[in-house]
Each structure stands twice: as structure tokens, then as C-alpha cells.
């Protein structure tokens, strides 16, 4: 276990050391102490290492993650896991705005609540939120899966494409071109796997699936008011 004191050693030194790790590194386990809401902790990682952050973080924690497993023992600020490619990010607390935005792959787990625009423009990432999510979540979501054990705010899935949105609780409102969809066997299988990986205590049959009605794929003047 490599112990890194962020307050004493600084953010630049932390990310430089983490970036220096490769696929054959023997420094595979890191613990970051005295995070104290610092921004850009563990961004741009590209090695199969495990990073534990003690405390809450600021903006973009784990952004552009690839391969690494990042566990935050606290809450995260805006943009956690933004544009991540692979690996896993687990947040023990809450997540601020646009968690997992534009994510291409990997798994983001928020064990508390997530704020507005969770999963905005997601492109293949899997996001599991144990609590509630805010308004405009999964806006323009292109692919991947968003799983919400609690409730969803206004305009869920506005202008989404082929992402799967699974909500166990209530949805305040659906966004433009988002509708309730049939839950087929393949969706149950996807959901079961994600719930297990996210250590979420819920059954797939308790969820409702939402997705694109596909009316806005191509411009139609009759739908102009919905764009």
C-alpha cells in the first residue's frame, strides 16, 4: 500500500506518480489521505491499480479513468468519472452535477444520491446510483446503462438515443422523446449483472425501463417544438 498525503505532497505530485504506473507495476494499491475536497484527484489514470481516497473530493475526480479502480470514502464534486473509458469508480457518499458525463465505458457507482445531469451524453458507461438523481439526467445519452434505485427528477432521458435507463422509484417527468419501454429478458440480465457488481440490494423486476421513442432521430417539422 502506497500512502500519499495530498496536503503535504500536493496534487501534481500525486497525479504524476499515478500516471507513471504501467500494466506491470508492483505499486498496485494506493491510499490518498487529506483529500479535503481537492479537485482533479486521480484523473487520467491508465493502469490496473486501486486508489482509495479518504475524504470528499472536488471537481472531476477520476475523470478520463482507464483500467483503474477508484474508491472515494466520501462525496464527490461535479464531473466525477467524466469521460471515463474503463475501470471502476465507487463513491461511498453523494455525487454533484453531471457524474459520469460523456463516459465511454467502465462502471460508476454512487452509493448516495446524484445531482442534476447524471450521465449526460453518456456513450457506453454503466452508472448505478443507490439513491436519487436530479433533473436532466441522461440528457442526450447515446449508449450504456443508467440504473437508479431511488427516484429521478424532471426531464429524464431528454433527447436520448440508445441508452437504457432503469428506475426503481418515481420519475418526476420524462424529457423530450423519452418513453417507458418494455422490460425484456435481455434487460433483466443486464440489470441483474449491474446490481450485483454495484452491491445494490434490489431485484431487477422492481425497475421500469425508459428509452428513446426514436421520433427525433431525424428532423421533422411536425416535431419542431420538441427539439
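Going by the structure shown, is residue 179 part of a strand (DSSP E or B), touching a strand residue (DSSP E or B) at 6+ places or on another chain (Cβ under 9 Å) and farther than 25 Å from residue 112 by Cβ? Lay out the reasoning, then the answer.
Values: part of a strand (DSSP E or B): yes; touching a strand residue (DSSP E or B) at 6+ places or on another chain (Cβ under 9 Å): yes; farther than 25 Å from residue 112 by Cβ: yes.
Spelling it out, residue 179 is indeed part of a strand (DSSP E or B), touching a strand residue (DSSP E or B) at 6+ places or on another chain (Cβ under 9 Å) and farther than 25 Å from residue 112 by Cβ.
No other residue among 50, 99 is in contact (Cβ under 8 Å) with a residue 12 or more places away in the chain and crowded, with 24+ Cβ neighbours inside 10 Å apart from 99. Considering the stretch 201-216, and only residues there that are surrounded by 11 or more Cβ atoms within 10 Å (Cβ to Cβ) and more than 16 Å from residue 165 (Cα to Cα), the residue that is modelled with the lowest pLDDT turns out to be 216. Return a yes/no flag: does the stretch 66-75 have any residue that is closer than 13 Å to residue 11 by Cβ and either under 11 Å from the mean Cα position of the chain (by Cα) or surrounded by fewer than 19 Cβ atoms within 10 Å (Cβ to Cβ) (or both). No, because not a single residue in the stretch 66-75 is closer than 13 Å to residue 11 by Cβ and either under 11 Å from the mean Cα position of the chain (by Cα) or surrounded by fewer than 19 Cβ atoms within 10 Å (Cβ to Cβ) (or both).
Residue 38 passes every criterion in (1) closer than 16 Å to residue 7 by Cβ; (2) modelled with pLDDT of 95 or more; (3) surrounded by fewer than 19 Cβ atoms within 10 Å (Cβ to Cβ) apart from (3).
When 90, 125 are screened for being within 26 Å of residue 30 (Cα to Cα), surrounded by fewer than 21 Cβ atoms within 10 Å (Cβ to Cβ) and modelled with pLDDT of 95 or more, only 90 passes.
Residue count for the stretch 91-132 under the criterion of being assigned to a loop (DSSP other than H, G, I, E, B) and in contact with a helix residue (DSSP H, G or I) (Cβ under 9 Å, 6 or more places away or on another chain): the result is 0. Scanning the stretch 182-200 for residues that are in a loop (DSSP other than H, G, I, E, B) and surrounded by 13 or more Cβ atoms within 10 Å (Cβ to Cβ) yields 183, 198, 200.
The values are calculated or read from the model by the stated rules, or taken from the named source; none is laboratory data. A quick note: this is a predicted structure, and the numbers were derived from the prediction, not measured. Every residue, glycine as well, gets a Cβ built from its backbone with ideal geometry; the counts of neighbours run over all protein chains shown.
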